[in-house]
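Q: Quick one: the structure is below, questions incoming.
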Amino acid sequence: MFLPTSVKEVRERGWDQLDVILFSGDAYIDHPAFGAAVIGRLLEAEGYRVAIVPQPNWQDDLRDFKKLGTPRLFFGISGGAMDSMVNHYTANLRLRHDDAYTSGAKAGFRPDRCVTVYSQILKRLFPHVPVVIGGIESSLRRLTHYDYWSDSLFPSILEQSGADLLIYGMGEKVVQEVARKMRNGYNAKLLRSVRQVAFRADAGYVERLDPATTIRLHSFEECCADKRAFGENFVQIETLSNLMNPQATLVEGVGDHFIVVTPPNATLTTEELDHSFDLPYERAPHPRYEGKGDIPAWEMIKHSVNIHRGCFGGCSFCTISAHQGKFINSRSERSILNEVEQITHMPDFKGYLSDVGAPSANMYRMGGRNKELCAKCRRPSCLHPRKCPNLNNDHRPLLELYKKIRNVKGIKKAFIGSGIRYDLFDDSPYPETVVKYHTSGRLKVAPEHTEDRVLNLMRKPPFALFEKLNADFHRICDKEGLRYQLIPYFISSHPGCEECDMRHLSEKVLGKLHFTLEQVQDLTPTPMTFSSVMFYTGMNPYTGEEVFVAKSQEDKRRQKSYFFTDEKREALRGEFHPHQIPHGGRKVQNGKPFRRDDRRDDRRDGRQTACSEDRRTDSRPDRFGTKKGAAPRGTAPFKKKRY
């Protein structure tokens, strides 16, 4: 039975009032890959009466927000499995015309800044009912962050949304504790003792915190006035999020009050993670979507299995470690094989698992050998700048799991669709096993770039490792008589990447290695990532060194054009796309976004044709200064927005 989504379904269960009502920006799919379903099922297992309102209409008389009445405990809000702004706009700020998390892939079923809009509506309609926000959109905006779509800094999402509490990271354990502490009504004192939450507080509360376990960050206003302050905040936040046993509470001022972020919980145990995956999901979209078209996100993952959470790669542009954590949390073989067995009984299953994977395909049961050393470690990555000598990268447990999956009755082939970290390979026959038994014909990996200077800022391994993988892949294919393809992913316009770097990439990948690239993308600087901080500040926050950033859409298109042939490159460079974000906060001049630093546009072409070594004598103004008498960037991001 699905969780109820309507008054009729609530009445069919004989309920007169709900304990928790969840709102989601995604269609409701009852499956452990979708956060709203997981949270709903966990609360249901604790005995709470839970309903889900998927993709409510925020543009009519708001009946979707009112139809289920007032919950006894709280409203819960998630923007969905994907950030609503990333869902809506491309890296070049063009409006997308589809939505993979909506039936029929139709766009327009969720607003921009989804969590904020839903929360504001609920606080207006039900001012005395607590609103708890979570999911990736909230998690990555819990403190001051760079907003690419308005090119400015925003304070914590708690400010604009008006929500009472924010749960960050993977929220299974937290949401259950929050529900227990609200059993007898909203009690701010009790809720503020919960780990892994954020909330607003006054100066009196902050003064009572233990100074020994409190980190005072630069305020939102200080970050807006000084980009270095924003960079320093990020270093503190990222360092804390990568500790094994963090104990510090973060405090950040906004106006006359503060945002308080309590330390995260320890990584879930295998038993706790298994419980989350073993709940009685229907493993299907809700019947309300019948006849309305397929939901692409569901079609992609319905025959796949997630074997662990977390990633210790620490890639600069990736949000996984910020949201799921650096430490690997693996499911048991029993739980995984049980899910594989369930998939084999699905009516449309033909014997092929589309993915046995995770954030990174080959980190199952990996971690530090000496946990005491891990407890002292402050590195954001276990692989960069070099593999940690304490890391146990033994692939044998994963190979044994693959073997057991292949032996499940009804499984013809179990593919690996997730990206593989080839810098993790050990002496085991992992590459041979994957190519021979678990490749659909196309093996995906993510070198991301070719130039060491750019790769270092990306926290990715040297390109020489990819060249070795390419040689080994073709050797294995020749030996086994397989005509398979290696599919590399690359990124353009990453901080530190100049046009000459893209030209070198093109010469190496399209020229020397003869690849025809398919999986390429321009960087989208998402909140709370190392890349987005460098993109906004123009510097490396850890070293203070200046970093080149291709910010204009013209520069970004020129960089991306190097992924293609000469003919297509010239066509892409000549493309013109007017700015399409109606509320982005940027003016449009001559058909492209206008920013304060566009006063230097007349020198961009000269800078783009040469590497930074040739530009050291360039007399450009300081990236971190502002024009005399001008307001610092980001000091007024709160213009009235249209959704």
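The values are calculated or read from the model by the stated rules, or taken from the named source; none is laboratory data. The model shown is predicted, which means the values in this text are computed figures rather than measured ones. Counting neighbours? That spans all protein chains shown, and the Cβs are built from the backbone with ideal geometry, glycine included. Accessible surface is based on the protein model in full, side chains and every heavy atom, while ligands, DNA and RNA are left aside. Shrake-Rupley method; radii C 1.70, N 1.55, O 1.52, S 1.80 Å.
Q: Among PRO155, PRO130, which is the only one that is under 30 Å from ALA225 (Cβ atoms) and over 18 Å from the mean Cα position of the chain (by Cα)?
A: On the way: PRO130 fails: under 30 Å from ALA225 (Cβ atoms).
Answer to the selection: PRO155.
Q: Let me ask you something else. Is it true that some residue in the range 537-559 is surrounded by 17 or more Cβ atoms within 10 Å (Cβ to Cβ), within 22 Å of the chain's Cα centre (by Cα), part of a helix (DSSP H, G or I) and on the phi < 0 side of the Ramachandran plot?
A: Yes, some residue in the range 537-559 is surrounded by 17 or more Cβ atoms within 10 Å (Cβ to Cβ), within 22 Å of the chain's Cα centre (by Cα), part of a helix (DSSP H, G or I) and on the phi < 0 side of the Ramachandran plot.
Q: Another question, then. Taking SER360, is it touching an Asp or Glu at 6+ places or on another chain (Cβ under 9 Å) and under 22 Å from GLY171 (Cβ atoms)? Explain how you work it out, then say what you get.
A: Details: touching an Asp or Glu at 6+ places or on another chain (Cβ under 9 Å): no; under 22 Å from GLY171 (Cβ atoms): yes.
Considered against the rule, which asks whether it is touching an Asp or Glu at 6+ places or on another chain (Cβ under 9 Å) and under 22 Å from GLY171 (Cβ atoms), SER360 comes out as no.
Q: Moving on to the next point. Of the numbered conditions (1) under 17 Å from LEU22 (Cα atoms); (2) out of contact with any Pro (no Cβ under 8 Å at 6 or more places or on another chain), ASN92 satisfies every one except a single condition; which is it?
A: (1)
Q: Something else: So which residues in the range 449-471 are among the hydrophobic types (A, V, I, L, M, F, W, C) and either open to solvent by less than 20 Å² (accessible area, probe 1.4 Å) or closer than 14 Å to LYS512 by Cα (or both)? If you could, list the steps in order and put the result at the bottom.
A: First, the residues of the range 449-471 that are among the hydrophobic types (A, V, I, L, M, F, W, C): 454-455, 457-458, 463-466, 469, 471.
Within the range 449-471, VAL454, LEU455, MET458, PHE463, ALA464, PHE466, LEU469, ALA471 qualify.
Q: Quick one: SER354 ticks every box in (1) out of contact with any His (no Cβ under 6 Å at 6 or more places or on another chain); (2) crowded, with 19+ Cβ neighbours inside 10 Å; (3) under 28 Å from ARG442 (Cα atoms) except a single one, so which number is it?
A: (1)
Q: Here are some residues: PHE463, PHE425, PHE473. Which one is more than 22 Å from GLY357 (Cα to Cα), of a type in the set (Phe, Trp, Tyr) and over 24 Å from the mean Cα position of the chain (by Cα)?
A: Details: PHE425 fails: more than 22 Å from GLY357 (Cα to Cα); PHE473 fails: more than 22 Å from GLY357 (Cα to Cα).
Being more than 22 Å from GLY357 (Cα to Cα), of a type in the set (Phe, Trp, Tyr) and over 24 Å from the mean Cα position of the chain (by Cα) holds for just one of PHE463, PHE425, PHE473, which is PHE463.
Q: Looking at the range 357-438, what helices (runs of 4 or more DSSP H) fall wholly within it and have at least 1 residues that are under 27 Å from ALA471 (Cα atoms), touching a Lys or Arg at 6+ places or on another chain (Cβ under 6 Å) and open to solvent by 10 Å² or more (accessible area, probe 1.4 Å)? Steps first, please.
A: Working: elements: 371-376, 396-406, 430-437.
The helices (runs of 4 or more DSSP H) meeting that bar are 396-406.
Q: Identify, please: which residue in the range 309-344 is outside any loop (DSSP other than H, G, I, E, B) and of a type in the set (D, E, K, R) and is, among those, nearest to the chain's Cα centre (by Cα)?
A: To start, the set of residues in the range 309-344 that are outside any loop (DSSP other than H, G, I, E, B) comprises 309, 320-324, 329-330, 333-344.
Subset that is of a type in the set (D, E, K, R): 309, 333-334, 339, 341.
On the way: ARG309: 13, GLU333: 27, ARG334: 28, GLU339: 25, GLU341: 29 Å.
The residue in question is ARG309.
Q: Let me ask another. Mind counting the residues in the range 65-91 that are of a type in the set (Val, Ile, Thr), farther than 21 Å from CYS318 by Cα and open to solvent by less than 50 Å² (accessible area, probe 1.4 Å)?
A: In the first step, residues of the range 65-91 are kept if they are of a type in the set (Val, Ile, Thr); the result is 70, 77, 86, 90.
If we keep only those that are farther than 21 Å from CYS318 by Cα too, we end up with 70, 77.
Within this subset, residues satisfying the condition of being open to solvent by less than 50 Å² (accessible area, probe 1.4 Å) are 77.
Looking only at that region, the number is 1.
Q: I need the helices (runs of 4 or more DSSP H) fully contained in the range 1-86, keeping only those with at least 1 residues that are under 30 Å from the mean Cα position of the chain (by Cα) and within 23 Å of GLY104 (Cα to Cα). I'd like the intermediate steps shown before the answer.
A: Working: elements: 7-12, 35-45, 63-66.
Those helices (runs of 4 or more DSSP H) span 35-45, 63-66.
Residue-by-condition table, conditions (1) basic (Lys, Arg); (2) out of contact with any helix residue (DSSP H, G or I) (no Cβ under 6 Å at 6 or more places or on another chain):
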| site | (1), (2) |
| --- | --- |
| ARG369 | yes, yes |
| CYS377 | no, yes |
| PRO385 | no, yes |
| PRO389 | no, yes |
| ASP394 | no, yes |
| GLU400 | no, yes |
| LYS403 | yes, yes |
| VAL408 | no, no |
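Q: Also, I was wondering about something else. Looking at the range 465-481, can you tell me whether even one residue there is farther than 18 Å from PHE564 by Cβ and outside any helix (DSSP H, G or I)? Before you say what the answer is, go through the steps one by one.
A: At the first step, the residues of the range 465-481 found to be farther than 18 Å from PHE564 by Cβ are 465-481.
Imposing the further condition that a residue be outside any helix (DSSP H, G or I) reduces the set to 481.
Yes - at least one qualifying residue is present in the range 465-481.
Q: Quick check, is ASP452 without any contact (Cβ under 8 Å) to a residue 12 or more places away in the chain and either of a type in the set (S, T, N, Q) or farther than 22 Å from GLY351 by Cα (or both)? Steps first, answer last, please.
A: Working: without any contact (Cβ under 8 Å) to a residue 12 or more places away in the chain: yes; either of a type in the set (S, T, N, Q) or farther than 22 Å from GLY351 by Cα (or both): yes.
Taking the combined requirement at face value, the residue satisfies it.
Q: Pairs under 8 Å by beta carbon, first residue within 21 Å of PRO4 (Cβ to Cβ) and touching a residue at least 12 places away in the same chain (Cβ under 8 Å) in the range 262-290, partner open to solvent by 60 Å² or more (accessible area, probe 1.4 Å) and in a loop (DSSP other than H, G, I, E, B), six or more apart or different chains?
A: Pairs found: GLU282/MET1.
Q: Given HIS474, HIS504, HIS514, which one is open to solvent by 10 Å² or more (accessible area, probe 1.4 Å), in contact with an Asp or Glu (Cβ under 8 Å, 6 or more places away or on another chain) and more than 25 Å from HIS323 (Cβ to Cβ)? Spell out the reasoning first.
A: On the way: HIS474 fails: in contact with an Asp or Glu (Cβ under 8 Å, 6 or more places away or on another chain); HIS514 fails: in contact with an Asp or Glu (Cβ under 8 Å, 6 or more places away or on another chain).
Testing whether each residue is open to solvent by 10 Å² or more (accessible area, probe 1.4 Å), in contact with an Asp or Glu (Cβ under 8 Å, 6 or more places away or on another chain) and more than 25 Å from HIS323 (Cβ to Cβ) leaves just HIS504.
Q: Okay, next question. Look through the range 466-519, keep the residues that are in contact (Cβ under 8 Å) with a residue 12 or more places away in the chain and acidic (Asp, Glu), and return whichever of them is farthest from GLN553 (Cα to Cα).
A: Step by step, filter the range 466-519, then rank; the result is GLU480.
Q: For the range 179-220, give me the residue count where each residue is within 26 Å of the chain's Cα centre (by Cα) and β-branched (Val, Ile, Thr).
A: Of the residues in that region, 3 qualify.
Q: So, in the range 199-208, of the ones that are surrounded by 16 or more Cβ atoms within 10 Å (Cβ to Cβ) and of a type outside the set (Ser, Thr, Tyr), which residue ends up nearest to VAL174 (Cα to Cα)?
A: PHE199
Q: May I pose another question? List every residue pair whose Cβ atoms sit under 8 Å apart, with the two residues 6 or more apart in sequence or on different chains, where the first one lies in the range 549-563 and is of a type in the set (A, V, I, L, M, F, W, C) and the second, anywhere, is modelled with pLDDT under 90 and part of a helix (DSSP H, G or I).
A: Pairs that qualify, where the first residue is of a type in the set (A, V, I, L, M, F, W, C) and the partner is modelled with pLDDT under 90 and part of a helix (DSSP H, G or I), are ALA550/GLN608.
Q: Moving on. Kindly provide the set of residues from the range 165-222 that are small (Gly, Ala, Ser) and out of contact with any Phe, Trp or Tyr (no Cβ under 9 Å at 6 or more places or on another chain), ordered by number. I'd like the intermediate steps shown before the answer.
A: Of the residues in the range 165-222, the ones small (Gly, Ala, Ser) are 169, 171, 179, 185, 188, 193, 198, 201, 203-204, 212, 219.
Those that are small (Gly, Ala, Ser) and out of contact with any Phe, Trp or Tyr (no Cβ under 9 Å at 6 or more places or on another chain): GLY169, GLY171, GLY185, SER193, GLY204, ALA212.
Q: For the range 284-316, which residues satisfy the criterion of being aromatic (Phe, Trp, Tyr) and under 30 Å from LEU243 (Cα atoms)?
A: As a first pass, look at the range 284-316 and keep what is aromatic (Phe, Trp, Tyr): 289, 298, 312.
Across the range 284-316, the qualifying residue is only PHE312.
Q: Hey, can you tell me all the residues within the range 309-334 that are of a type in the set (D, E, K, R) and open to solvent by less than 20 Å² (accessible area, probe 1.4 Å)?
A: Pass one, the range 309-334, residues of a type in the set (D, E, K, R): 309, 326, 331, 333-334.
Answer for the range 309-334, where residues must be of a type in the set (D, E, K, R) and open to solvent by less than 20 Å² (accessible area, probe 1.4 Å): LYS326, ARG331.
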